[in-house]
Amino acid sequence: MSIDAERLTLPLPRPNVLELAPLYEVLRREAPIAPVTTPAGDPAWLVTRYEEVRLLLGDKRFGRSHPEPEKASRISTSAVQDGPSGEYATEEADHTRMRRLLTPAFSAKRMRMLGDNMEELVDACLDQLIAEHEQTGVVDLHHGLAFPLPVAMICRLLGVPQEDNEKFASLSERMAGTEIGEDAHKAREEFFGYMVGLVEGKRGALGEDVISDLVRAQADDAAFDYVQMVRLCVGLLFAGHETTVNRIGLGVLFLLTERSRWDALVADPDGRVDAVVEEVMRLGAPGDLGLLRYAREDVDIAGVTINAGDAVVLSINAANRDVTVYSDAEEFNPDRPERTHLGFGHGAHFCIGASLARTELRVVFAALAKRLPEMRLAKELDQLQVRATLTGGVAELPVTWRSA
C-alpha cells in the first residue's frame, strides 16, 4: 500500500469500530505529517506518528485559537467541534486560569469520594438491568450503563440537579452529531440557554460543586467574564462524559471479542483493572479525526513546513498505535510494559478530567467482571450500530450474562 499523490480526505475509512484504517501505518512510516482535506472541505495537516503528536501537543507554537477565525480551516461541520476556540491574544492566560480554577475539583480526594458513589450507582444499574431482562438474558450496556453513568457523575460533580440529567444527556447527544443541521443548532442554543439558567440559579444558592466554584471565581476576577464562564461550564459538561461513554463501550468490546482477555480480568478484577483501563485509554481514543490545533508561527518539522495559521489535526488514535513505540501495537494487551499513551493528551493540555475518567472506567470494568463473569456479546462486532458523533463508539452494546 502506498500513499496516493492526491490530498487525502478525512476521515479515513476503518474496517470496524476497533480497528483503524491500514493507511495510518503507511502514513506514520512515509508521511507522518501529511496534507489532508477535513470533512468540512478545508486543508489541514494530519499528524500520525507518536513522536510528532506528542511534541506538538506540548508545543506552545500551536494553539486552539486563530488570529482570523473566519479564515481558519474547519475540522468538521459538527455543532461541537468545528474550528477555532478561545481568544487568540489571551489563549494562554485563559487556559492557565482555567487549570487553576478546575484542578481542585478533580483532586484525588474528590475522586475517592465520588468512587464510592460510582460503585453504588453501577451496582444499582446492573441490578435494574438484570431484573428487567431476566427472561431474555440480554441487556444493552450502552443505554443501561455506559451512557448514564458518566452523565450522572459529571452532573453530580458540576452541580447539575439530578432531575435534569436526562435533559442534559438528550441535548448533549443531539449536539454531538458529526453534521450541523437544524436540530444540532437548536440543541446547542438550548444547551447554552440551560447553562445560563443554571449559572443564574447558583448565584443565589451556591453549593459545593464546580459550577458554584466558577461563579465565585467570576465574581472575584474581572478578566474572567460571564460568557467565558458559561462556555467553560458547557465544555465541562459535554467533555466530562462523552469520551468516557465511548471508552466504556470500546473497552467492553476489546475485552469480549477475545475471550481470554475477559477471562483474565474475571480471574483477578481488582488486580488487573488498572492495566485494562490504561490499555483501553491507549486503543480507545475517541473519534476518527483528532485534536485540532493552529500554528501560531511557521514551524519546520518532520521534513515539512507548517505555516502560521495552518490547521493541524493530531491523530491520537494513530499515535497510540505507533509500532516504533509499542510492540504488537494493534493488539489489546494490558500486560504490555509501555505506559506512555497519549489518551489523555500531553503537556500543559493534559486532560484535567483524567482522574475522573480513570475512576469511572475502573469501577465499571471491575463491577462487570465481578457481577457478570459469563458476559459475552449478543451481536457480532460488524452488526453493532456505530454512533454518528465526533467521539464515535457504538450506539448499542447488547450482551448476555448467560453461559453459551
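Here are some notes:
- Unique match (being surrounded by 14 or more Cβ atoms within 10 Å (Cβ to Cβ) and not in a loop (DSSP other than H, G, I, E, B)) among K370, K379: K370
- Among the conditions (1) at positive phi; (2) at pLDDT 95 or above; (3) not hydrophobic (A, V, I, L, M, F, W, C), the only one that D322 does not satisfy is (1).
- Failed condition for P69, given (1) farther than 19 Å from L342 by Cβ; (2) open to solvent by less than 10 Å² (accessible area, probe 1.4 Å); (3) at pLDDT below 95; (4) not small (G, A, S): (2)
- The lone exception for V139 - which of (1) over 23 Å from the mean Cα position of the chain (by Cα); (2) part of a helix (DSSP H, G or I) it fails: (2)
- The sole residue among L171, L149, L145 that is without any contact (Cβ under 8 Å) to a residue 24 or more places away in the chain, buried (at least 18 other Cβ atoms within 10 Å of the Cβ) and either in a helix (DSSP H, G or I) or of a type in the set (G, A, S) (or both) is L171.
- Summed over region 301-332, the residues that are open to solvent by 20 Å² or more (accessible area, probe 1.4 Å), of a type in the set (S, T, N, Q) and touching a strand residue (DSSP E or B) at 6+ places or on another chain (Cβ under 8 Å) give a count of 2.
- For region 217-243, residues that are closer than 27 Å to L20 by Cα and open to solvent by 10 Å² or more (accessible area, probe 1.4 Å) total 4.
- Taken as a whole, region 11-33 holds no residue that is within 17 Å of G303 (Cβ to Cβ), among the hydroxyl-bearing types (S, T, Y) and either in contact with a strand residue (DSSP E or B) (Cβ under 9 Å, 6 or more places away or on another chain) or open to solvent by less than 50 Å² (accessible area, probe 1.4 Å) (or both).
- Screening D298 against (1) over 26 Å from L237 (Cα atoms); (2) open to solvent by less than 10 Å² (accessible area, probe 1.4 Å); (3) of a type in the set (D, E) leaves a single unmet condition, (2).
- Only one entry of G287, G347 meets the criterion of being touching a Gly at 6+ places or on another chain (Cβ under 8 Å), surrounded by 21 or more Cβ atoms within 10 Å (Cβ to Cβ) and modelled with pLDDT under 95, and that entry is G287.
The values are calculated or read from the model by the stated rules, or taken from the named source; none is laboratory data. A quick note: this is a predicted structure, and the numbers were derived from the prediction, not measured. Counting neighbours? That spans all protein chains shown, and the Cβs are built from the backbone with ideal geometry, glycine included. The protein model used for the area step is the full one, side chains on, heavy atoms only, and it has no ligands, DNA or RNA in it. Shrake-Rupley method; radii C 1.70, N 1.55, O 1.52, S 1.80 Å.
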